[in-house]
Amino acid sequence: MKTKQDFPSINEREPEGLKPDGTPYRVLVVDDSMFVAKQINQILTSEGYEVVATAGDGEEAVEKYKELFPNIDLVTMDITMPKMDGITALEHIMNFDKNAKVIMISALGKQDLVKKSLLLGAKNYIVKPLDRKKVLERVAQVLKKE
Amino acid sequence: MSEQELQVQENKNGGEVKQERILKIDFKMVTFSLAGKDYGIDIMNVKEIAKANRFTYVPNTAAFVRGVYNLRGEIIPVIDFRIFFHLPAEQKEEDAMENLLIIRKDEQIYGIIVDSIDKVVGVSSEQIQPPHPIFGDINIRYIKGVVEHQGRLYIILDVNRIFAQEEERKRTSIEAEGMPLYTPPVMEGASPARGENREGPNQAVPLEVNFIKETLFALKHFATTAINEKWVLARYEEWKKERQTSDAVQLKDLDDAEAFLKPFYSPYTDQFWGDDYAAAVRSLLPDMPGKTITVWNPGCGKGFETFSFACILRERYPEHRIKIWASDSDLLAISSAPTMAFEYEVFPEYCRPFLVKGKYGYGFNQVIKDAILFEYHDIRNNNPYVDLDIIVARDILSFMSPEEQSKILSDFDEKLKASGLLLIGSHEELPAEEWQFIGKAPVALYSKAK
Amino acid sequence: MRVEYINPFVEAAFNVLKEVLQADIRRGELYLKSTTMPVLGVAALVGLAGDVEGRVMFDMSKTTALAVASAMNGEQLSNFDELVKATITELANMITAQAVTKLHDLGFRFDLTPPALFTGDNMEVSDHEVEALIVPMETPQGKIEINVAIRERV
């Protein structure tokens, strides 16, 4: 008779945040709201992702990306921020690294902003309020594409 | 065994013997004060309490009858208890608010003026003692009893005896002689618009009309002032003939008030302006300078008036840009305005050149729609409209309180250009000192007086 | 305020609150107010520009703010600290942004400025007597009044 030990853990799922080699994906979270940064952090860490840095404005985001490159797998980018907004920051990061994976996060769902960011190279766009399932889905989707 | 004995027995078994009596609270009264003493009335007789100051004086009644009061449409007699009981009362300012107890006895409602109303006090009927002449300044037959509560002594009045029919008649005749005559404050009459003589037409107007004016305001928020008094008085004469018996002349409820006001409304209220009225308006519109015509249409309701006027302007001034601010404080009515649609036949002739067919019927084309901004706005609040060429405010002023009317009218004056025009209700009129009539019945069009 | 602007704000408030609080939200009757003084104790302000000029204010008591922030963070917060402020600010931002998005779809161009949070007892804010639309929202955490004062750019 086959027992549970004979089968690989069917009911246990691999946390999405881990790469095939077992190390976590490294994420840079960019948002000027302490609340949103905390929320994204919680969602991602619960699935095994590693939030290696947080930035509170576009300028800081570009700096940190350049610093941590090439050890950044993903960036979540808020759009409305002081000093430099997310769209501009996206542009800079894409110029620096054409393979950068950036997901835009915003409360504004205006079509032109979505289009603009995708044209500039963002891989996806999430509208706030953040839904845990949706965030994880989109993140996983972006990271799988190679 | 009475409650008291039971209590004493229980406590005898050790411990302290407390003299507390467990009493049932079975009598509640509303307490108030008259000339510094505390009184109470059975709460079953008290309908409500109110603060009021506008009593319509009724001549030829006893001094303790302060007049009548309009309590949400019901006319009730108001009695000043201090005068009734010969108690000293402080002379208040004419307009000061009095404290009223609203009492119900059988089917009749009365208002009673007292010095101040305190609270509801509950006592046990066992504690009420019969009145002793020494307790009251008031004739003993009106006192049900006396009770002490939390260190205060309350004299409980017997409302039934006070308002008994026979007693009243007897008292009225006795008291009428030798009682100081109560001098009423200046009679409530129409508030004047700016510049008009206060004493004007009021003195000749009979009391009945005042009742009607009060009721119109209470039920329909229609305020009679110089703007519409002429109409109200004329309508009153008509109404009397219609209603014949004096009892039926009174406006007893909302239906009566609405029936009275029915002929007041300007033509085509709440509908598209008919071709006749529209043509009359058009013929009175002068040439306009400049390139834009800015209009404000407060009280636009569902928008019929606004669209009608927009079509008239569009045709009359083909070279001008038209901009109409249409506002109303009725959110439900104005919400449907921007997208109104009907069958073709519903639209009058002069509107038809501006229609397009849509999914739900015919509606106005983009040219007309773009000319109008519908806003949810209360005319009593500030608004940013300035430098207006035309204001269309039909039957709006009459439904504002007298103070609001003058404020809004002076607002209109400020917001209009020097050459501005004001279109009001067909039965409304403006003071000749500030406004010049350039219309023709039923179009009440005015320009600013030079 | 233009009638077309009203629904987007009402819907956005309802949708966002329902989603972030995961509870039954009820809308009270809309009305107009002539002074724009916050009455409840905590006010989050988002500026509006574009086709209109003005602002949206979210007014609530401190207790409600703490309760809302607690619900949104999934933990009991009892001090009015930076996290609570950031949370309420973000709530104001989300509701306004959703309304602006809806308005955009209707053809109206609005922009929003970053939100600001004000707290205090007996606060008084007067913007030269502008008329405001009040949308009262009842939540299990308490009442939140959404106060919109905008006018057309002439």
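None of the figures in this text is laboratory data; all of them are computed from the coordinates on show. A quick note: this is a predicted structure, and the numbers were derived from the prediction, not measured. Glycine gets a Cβ as well: all are built from the backbone with ideal geometry, and neighbour counts include every protein chain shown.
Ratio of alpha-carbon Rg to the 2.2 N^0.38 Å globular estimate for the protein assembly as shown, to two decimals, please. Write down the numbers at each step before the final one.
On the way: Rg = 36.2 Å, N = 750, 2.2 N^0.38 = 27.2 Å.
In units of the globular-protein estimate, the protein assembly as shown measures up at 1.33.
Once the mean 1/r over all distinct Cα pairs of chain C is inverted, what Kirkwood radius in angstroms do you read off?
Numbers: mean 1/r = 0.0647 Å⁻¹.
Kirkwood radius, chain C: 15.5 Å.
Cβ under 13 Å from B:Pro442's Cβ, B:Pro442 left aside: what net charge do those residues give with Lys, Arg +1 and Asp, Glu -1?
On the way: positive: B:Arg394, B:Lys440; negative: B:Asp276, B:Asp395, B:Glu428, B:Glu429.
Counting the neighbours of B:Pro442, the net charge comes to -2.
Across the range C:79-94, in residue order, what do the Karplus-derived ³J(HN,Hα) couplings come to in whole Hz, using 6.51 cos²θ - 1.76 cosθ + 1.60 with θ = phi - 60° and x for Gly and Pro?
With coefficients 6.51, -1.76 and 1.60, one gets 10, 7, 9, 4, 5, 4, 4, 4, 5, 5, 4, 5, 4, 4, 4, 5 Hz.
On the principal axes of its Cα set, how long, how wide and how thick is the range B:261-348? Give whole Å, largest value first.
36, 30, 26
Out of residues 5 or more away from C:Gly50 or on other chains, whose amide H comes under 5 Å of its own, with H placed 1.01 Å from N in the peptide plane?
For C:Gly50, whose amide H was placed from the backbone, the distant partners under 5 Å are C:Asp111.
Report the convex hull volume per residue for chain A, counting only C-alpha atoms, in Å³. Kindly include the intermediate steps, with their values, before the conclusion.
Values: hull volume 17.2 nm³, N = 146.
So the per-residue Cα hull volume is 118 Å³.
With N set to the number of residues, divide the alpha-carbon radius of gyration of the range B:234-305 by 2.2 N^0.38 Å and report two decimals. All intermediate terms of the calculation are to be shown ahead of the outcome.
Values: Rg = 18.5 Å, N = 72, 2.2 N^0.38 = 11.2 Å.
Rg over 2.2 N^0.38 Å, computed on Cα atoms: 1.66.
Given H placed 1.01 Å from N in the peptide plane, which residues other than close sequence neighbours of A:Ile126 have an amide H under 5 Å from its amide H?
Under 5 Å from the amide H of A:Ile126: A:Met104, A:Ile105, A:Ser106.
Compute the normalised compactness of the range B:319-428: alpha-carbon radius of gyration over 2.2 N^0.38 Å, N being the residue count.
Numbers: Rg = 16.0 Å, N = 110, 2.2 N^0.38 = 13.1 Å.
Cα-based Rg divided by the globular estimate yields 1.22.
Starting from the coordinates of the alpha-carbon atoms of the range B:366-414, obtain the Kirkwood hydrodynamic radius over all distinct pairs and give the value in Å to one decimal.
On the way: mean 1/r = 0.0797 Å⁻¹.
So the Kirkwood estimate lands at 12.5 Å.
Return the calculated 222 nm mean residue ellipticity for the protein assembly as shown, to the nearest 500 deg cm²/dmol, obtained by summing -39500 (n - 2.57) across DSSP H runs with n ≥ 4 and dividing by the residue count. Spell out each step's value before the answer.
Details: 21 runs with 232 residues, N = 750.
Computed ellipticity for the protein assembly as shown at 222 nm equals -9500 deg cm²/dmol.
Taking the inverse of the average 1/r across all pairs of different Cα atoms in the range C:18-61, what Kirkwood radius in Å do you get?
12.9
Other chains near B:372-382: what is the mean number of their Cβ atoms within 10 Å of each residue's Cβ? All intermediate terms of the calculation are to be shown ahead of the outcome.
Numbers: counts 0, 4, 3, 8, 10, 7, 5, 0, 3, 8, 7.
Mean inter-chain Cβ contacts per residue within 10 Å come to 5.
Between A:Tyr49 and residues 5 or more places away or on another chain, which pairs have amide H atoms under 5 Å apart, with H built 1.01 Å from N, and which residues are they?
Under 5 Å from the amide H of A:Tyr49: A:Gly17.
Just in the range B:350-425: which trypsin sites (Lys or Arg not before Pro) are loop by DSSP and have at most 14 other Cβ atoms within 10 Å? Before the final figure, lay out the partial values.
Details: sites: B:Lys357, B:Lys359, B:Lys369, B:Arg380, B:Arg394, B:Lys407, B:Lys415, B:Lys417; in loops: B:Lys359, B:Arg380, B:Arg394.
Passing both the DSSP loop test and the Cβ count: B:Lys359.
For chain C, what relative contact order do you get, as a whole percent, if you take Cα pairs closer than 8 Å and at least 6 residues apart? The partial results should precede the final answer.
Working: 301 pairs, mean separation 61.8, N = 154.
Worked out over chain C, it gives 40 percent.
Residue-wise, which Karplus ³J(HN,Hα) couplings in Hz belong to the range A:125-141, taking 6.51 cos²θ - 1.76 cosθ + 1.60, θ = phi - 60°, and x for glycine or proline?
These are the phi-based 3J(HN,Hα) values: 9, 10, 9, 6, x, 7, 9, 3, 4, 5, 4, 4, 4, 5, 4, 4, 4 Hz.
Relative to the present Cα-Cα distance, how much length would full extension add between B:Ile49 and B:Lys28 at 0.36 nm per residue of separation?
Values: separation 21, 0.36 × 21 = 7.56 nm, distance 1.54 nm.
Between B:Ile49 and B:Lys28, full extension yields an extra 6.0 nm.
I'd like the mean, over residues of C:1-9, of how many other protein chain beta carbons sit within 10 Å of each residue's own Cβ. Intermediate values should be presented prior to the final figure.
Working: counts 4, 9, 16, 6, 2, 4, 1, 0, 0.
That average works out to 5.
Using a Förster radius of 56 Å, what is the FRET efficiency between A:Lys144 and B:His320 based on their Cβ-Cβ separation? Nearest 0.05, please.
Using R0 = 56 Å, I get an efficiency of 0.35.
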